[in-house]
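Down below is the structure, laid out as structure tokens.
The values are calculated or read from the model by the stated rules, or taken from the named source; none is laboratory data. Just so it is clear, the structure is predicted and the values come from calculations on it, not from any experiment. Ideal geometry is used to build each Cβ from the backbone, glycine not excepted, and the neighbour counts take in all protein chains shown. With ligands, DNA and RNA removed, areas are computed over all heavy atoms of the protein, side chains included. Shrake-Rupley method; radii C 1.70, N 1.55, O 1.52, S 1.80 Å.
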Amino acid sequence: MVDKSKQPFRKSKLSFRRRLPPIGSGDRIDYRNMSLISRFISEQGKILSRRVNRLTLKQQRLITIAIKQARILSLLPFLNNEKQFKRAKSIPRTTGPRTRNKINSHIPQLNQNSNLNSSSG
């Protein structure tokens, strides 16, 4: 009987599925190919990095050029404004009203004092 602790460590040969490349050999990287280009843009309209896209360096350069050309020709927005407007509404503005209240609170007191002085004189 062979002692299991003395056996050499063997990696289990699990078969792993190799991920398919996101761009097929027949796909043309072009600014007009919107279905292809839109896969490499985030929800905010940013170009995703090469590591996220799993592209080669050459493919990433071509995708970047195609996205920029599509933006210039108004086929793609430069950024997606919908998310930003929603975020801007949720942020409370604290600086504006505070300074206005301080200024406005001093003005009526000055006016009341000046009215008293003018009516007594």
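Before moving on, here are some points about what is shown:
- Candidate set from the stretch 73-87 (those that are of a type in the set (A, V, I, L, M, F, W, C) and in a loop (DSSP other than H, G, I, E, B)); member that is modelled with the highest pLDDT: Leu73
- Scan of the stretch 21-72 for residues that are part of a loop (DSSP other than H, G, I, E, B), in contact (Cβ under 8 Å) with a residue 24 or more places away in the chain and open to solvent by less than 60 Å² (accessible area, probe 1.4 Å), ordered by number: Pro22, Ile23, Ile29, Asp30, Asn33, Gly45, Leu55
- Only one of Ser5, Ser42, Ser15 that is at pLDDT 80 or above and either out of contact with any helix residue (DSSP H, G or I) (no Cβ under 6 Å at 6 or more places or on another chain) or of a type in the set (Phe, Trp, Tyr) (or both): Ser42
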